[in-house]
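The values are calculated or read from the model by the stated rules, or taken from the named source; none is laboratory data. All of these numbers come straight from a predicted model, not from anything done at the bench. No Cβ is skipped: glycine too gets one built from the backbone with ideal geometry, and neighbour counts run over all protein chains shown. Remember, those area values only see protein heavy atoms, side chains included, never the ligands or the DNA or RNA. Shrake-Rupley method; radii C 1.70, N 1.55, O 1.52, S 1.80 Å.
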Amino acid sequence: MTIMRHLVRFVVAAVVLMFVGFLVPGFSVSSFWTAFLAAVVIALLGWVVEAMFGDRISPYNRGIIGFLVSAVVIYVTQFIVSGFHVTVIGALLASLVIGIIDLFIPIKTHMDMRNGDAGNRQES
C-alpha cells in the first residue's frame with residue numbers, strides 16, 4: 001500500500017514538472033519518464049539536504065530559505081537527469097510555481113511520513 005502511495009506521489013510530481021515545463025521559460029522536460037525520474041531525484045536531493053542541514057533548511061519548508069534551496073535542488077537535478085534542462089532564472093520561477101501549485105495540490109513528503117502522518121491527525 002505504501003509503495004503505491006509513493007508511486008502516485010511521484011506520478012503527480014512528474015505531471016506537475018511537465019506542467020511547469022510548459023509554463024516557465026528556461027525550464028524544459030523532454031518526456032513524462034524524464035519528469036518522473038526528475039521527481040525522484042528532486043525528492044532524494046531534498047532528503048539529503050534535510051538530512052545534512054535539518055528541517056529548517058529543508059526544500060519543503062515554506063520560507064524564503066526553503067524556496068531558495070528548492071531552486072538549487074531543481075537546478076542541480078539537470079546535471080543528474082538527461083532531458084531535464086533549466087536555467088537559474090528557470091529554477092527560481094519553477095520553485096515559485098511549484099510552491100503555488102503545492103498550495104492547491106499538496107504532495108506529502110517523507111517528513112509527513114516520519115511521524116505516521118501525525119501532521120494530518122485531528123486532535124479530539
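Using a 1.4 Å probe on the protein chains only, how many percent of the accessible area of the stretch 1-54 belongs to carbon and sulfur?
So the carbon and sulfur contribution to the accessible surface is 81 percent.
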**Q.** Inter-probe distance in nm under a simple model that places probes 7 Å from Cα toward Cβ, at Trp47 and Phe19
**A.** 2.5
(Q) Under the 0.36 nm per residue contour assumption, what length would be gained going from the current alpha-carbon distance of Leu7 and Trp33 to full extension? (A) 8.1 nm
**Q.** Per-residue HN-Hα couplings for the stretch 67-76 [Karplus 6.51, -1.76, 1.60; θ = phi - 60°; Hz; x = Gly/Pro]
**A.** 4, 5, 5, 4, 4, 5, 4, 5, 5, 5
